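In what follows, a structure is listed as structure tokens, so that the remarks can point back to it.
The values are calculated or read from the model by the stated rules, or taken from the named source; none is laboratory data. These numbers were taken from a predicted model, which means no experiment stands behind them. Positions of Cβ are generated from backbone atoms using ideal geometry, with glycine treated the same way; all protein chains shown enter the neighbour counts. Each accessible area value is taken on the protein alone, full model and side chains, heavy atoms only, with ligands, DNA and RNA left out. Shrake-Rupley method; radii C 1.70, N 1.55, O 1.52, S 1.80 Å.
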Amino acid sequence: MKRSASKQPQYKILTIDPWLKPYYSDIALRMQRHADTRRALLGDKADLSSFANGYLYYGISRTDDGWVYREWAPGADAIHLIGDFNDWNRASHPLRRLDGGVWEIELSGADALKHGQHVKLQITRGSQSFDRIPAYIRYTVQDPLTHQLTGVIWAPERPFQWTDGGYGRKKISPLMIYEAHIGMAQEREGIGTYREFADFNLERIKSLGYNAVQLMAVMEHPYYASFGYQVSNFFAASHWYGEPDDLKTLVDKAHSLGMYVLLDVVHSHACANVGEGLNLFDGTEDQYFLPGERGNHPAWGSKLFNYAKHEVIHFLLSNLKFWQEEYHFDGFRFDGVTSMIYQNHGLGENFTDYSQYFGLNTNVDALTYLQLANELIHEVNPFAVTIAEDMSGMPGMALPIRSGGIGFDYRLSMGIPDFWIRLLKDVPDRQWDMGRLWYELTTRRPQEKNVGYCESHDQALVGDKTLIFRMADAEMYTGMDKAYHSLAIDRAIALHKMIRFITLTLGSEAYLNFMGNEFGHPEWIDFPREGNGWSHHYARRQWSLAENGYLKYEWLERFDREMLKFARKYRVMTKPAAANLWMDEKNKLLAFAKGELIYLFNFSPDASPTDFFVPAHITGEGQYRAVFTTDRIEFGGQDRVSERYVYTAKPAPDKGVGFTVYLPSRTAIVFRRVD
């Protein structure tokens, strides 16, 4: 019997965005699937946090009188634990099979296994036997000759001593995120360590004004140049940068400095390596992944999880809780969400029509998993932060589940960096479209918070260019001395500041920067590989460029610091939506009001009006003073804007309320009423 319309569930998302009403059945399906899956996993009483304890049951653990090891491998016919502890004897330590495809071995005596010993599994299926690394292993090492990973028992007798008593007890808003890669965060040519990052980078990041660090490539990956996006061992902190306790030291210190630490988590796919990760773990292709070609990502060469399988959901949810509880991460940036939520992984789609978000192409199982993941993360820590890397703009991604959403706190504004690249690459300065700029920076899903950014690690890779490199190109190597000036460098520095400032003030509820980009790091990222002679020259950050006192990078870093200070002081990103006051396509001028502030942007390469009328009908009559400008001399500007002069806003014939100012080219100014 068909349910009457009056009895159909009403989801807030349909009120927030009425254009979704034709897709009511799709919204209802996602909500029903979430409810059904949750009930099937938990029953009527259990909570998600209690369910997601796989890391406490599986893997290698101490007991009161010895050790226990458990593994889920339903396709195996026999499993033996092998390693240093038994001289790699392949017959002496068989596991016994329990219900549900679970295997177990108990070892009596505290010395039966030891912290730091190397271990693997020998799995037998039919007539074949093969070695695997335990799926819940917490640390691995790489053989210097074969480059193969081996599991390591990580169970120190004296657990790490945390000092962050405030972990999970406070909320940071607005978020100012510093995206970082541990291995390339040092200046020397080599791979940086967790300890080095804790000792050198954290206080520097704090001094710049960022309050959250987003760490890439922390989950174990065999190939360093994968940037951490080909994960093999989901519960292991990457061996590339040190040991697990070194990572805990980093997180603990960040918390002592009042900063969040976010993990770039990769649950969208997995490394295809056989023997090091989950691929063909028990000899079957569909233990963790989709069967056949559906289980292979057509563009990434990686394996795709089967989110409909309850054991897979248990594994992934347990993984999230593990990183929260074991390492005290404050939240997650979920990589590759677009790939997860569409059957075609979003490849070749432009997502210009609402119908593209729904229907048979939607992977409802993946959406259900993401809803459960967000629910769990916030259950473990109510102040945790979740960010979705979704380029499609799926409606409801950053709305609460109860409203019909997916439950993320933020979505990445991935269209903004693409917009800036297209603008700088394809459009001459005098043809910049102010209306398009306004549209790109202000158009986003209603009531969904966004992380705005000009460029992330994606724009810094070989084959691409950072924004400043696009503008200055080869002159970056010859024109950054403070004593030297050229049109190309002057333009690059001026626009570098303006692009960042308008993105932060107009295009975000949180802000992200990739390490080194704050001062216009001159070189791309090229990880050591055969094609470059395994060099680390381009896989590092040259902090000294901004610190030696002779180069213009210092101006950009100082600007970035003061920009964030300004944003904190006036809580720019928490204010209501901006109101457009003036747009001049001919002269490339833009003015808007946001909160109590008026923002002026002059993108013209040469026009500097001396009598620009600033509309102040929203903020009102009274006296105004400039409180911030990109033209300060300490930012590499010319100090053409006085921050002491007082302007009086009053009615003007045929213009309304406002005041007249001098607005230099390629400059941004912010005014505030001071009476």
Check: Per q in 0.14, 0.17, 0.20, 0.22 1/Å, what log10 I(q)/I(0) does a Debye calculation on the alpha-carbon atoms of region 4-116 return?
Finding: -0.74, -0.92, -1.13, -1.23
Notebook entry, point to check: What does the accessible area of Tyr477 come to, in Å² to the nearest 10, when a probe of 1.4 Å is used?
Noted result: 120 Å²
Note to self: Bins of 10 Å, beginning at zero and ending with the bin holding the largest distance: percent of Cα pairs per bin for region 585-650, please.
What the structure shows: 18, 51, 30, 1
Next item on the list: Calculate how steeply helix 415-426 sits against the longest principal axis of the alpha-carbon atoms of the chain, using the helix alpha-carbon long axis, and give the answer as 0 to 90 degrees to the nearest 10.
Entry: 60 degrees
Next item on the list: Order Thr368, Thr619, most accessible first, counting only protein heavy atoms with a 1.4 angstrom probe.
Entry: Thr619, Thr368
Note to self: Please compute the contact order of region 354-467 in relative form: average sequence separation of alpha-carbon pairs under 8 Å and at least six residues apart, divided by the residue count, as a percent.
What the structure shows: 22 percent
Notebook entry, point to check: Carbon and sulfur atoms: what percent of the 1.4 Å accessible area of the chain do they account for?
Noted result: 49 percent
Checklist line | Quarter of Cα convex hull surface for region 129-187, i.e. mean projection, nm² | finding: 8.7 nm²
Note to self: Order 93-105, 296-308 from most to least packed using the mean count of other Cβ atoms within 10 Å.
What the structure shows: 296-308, 93-105
Checklist line | Normalised contact order of the chain, rounded percent, pairs of Cα under 8 Å and 6 or more residues apart | finding: 10 percent
Check: So who's got an amide H within less than 5 Å of the one on Gln623, skipping anything under 5 residues away but keeping other chains? H placed 1.01 Å off N, in plane.
Finding: Ala649, Val674, Asp675
Next item on the list: Please tell me which of these pairs span more than 23 angstrom C-alpha to C-alpha: Lys114/Lys321; Lys482/Lys594; Lys170/Lys206; Lys497/Lys575; Lys552/Lys575?
Entry: Lys114/Lys321; Lys482/Lys594; Lys552/Lys575
Item checked: Cross-link partners of Lys12 among lysines (Cα-Cα below 17 Å; sequence separation of 8 or more within a chain) -> Lys21, Lys449
Checklist line | Cα-based helix-to-principal-axis angle, 244-256 vs the chain, degrees rounded to 10 | finding: 30 degrees
Next item on the list: Wrap a convex hull around the Cα atoms of the chain, take a quarter of its surface area, and give that in square nanometres.
Entry: 33.9 nm²
Checklist line | For Asp47, net neighbour charge (Lys/Arg +1, Asp/Glu -1) across residues whose Cβ lies under 14 Å away | finding: +1
Margin query: Please compute the per residue accessible area over region 518-557 with all protein chains in place, 1.4 Å probe, rounded to a whole number of Å².
Written below: 39 Å²
Margin query: Let me understand region 374-441 better: what is its radius of gyration from the alpha carbons, and its Dmax, in angstrom?
Written below: 16.6, 52
Next item on the list: Could you pull out every one of the aspartates and glutamates with an alpha carbon less than 19 Å from that of Lys565, ignoring same-chain neighbours closer than 8 positions?
Entry: Glu179, Glu203, Glu509, Glu518, Glu554, Glu557, Glu596, Asp631, Glu634, Glu643
Notebook entry, point to check: What is the gain in length, in nm to one decimal, between Thr284 and Asp473 on full extension, counting 0.36 nm per residue of separation less the C-alpha to C-alpha distance?
Noted result: 63.0 nm
Notebook entry, point to check: All other residues with a Cβ under 11 Å from the Cβ of Lys171 taken together, and with Lys, Arg as +1 and Asp, Glu as -1, what is their net charge?
Noted result: 0
Checklist line | Environment charge at Phe408 (Cβ cut-off 12 Å; Lys +1, Arg +1, Asp -1, Glu -1) | finding: -1
Notebook entry, point to check: What Kirkwood radius, in Å to one decimal, follows from the Cα pairs of region 482-555?
Noted result: 14.5 Å
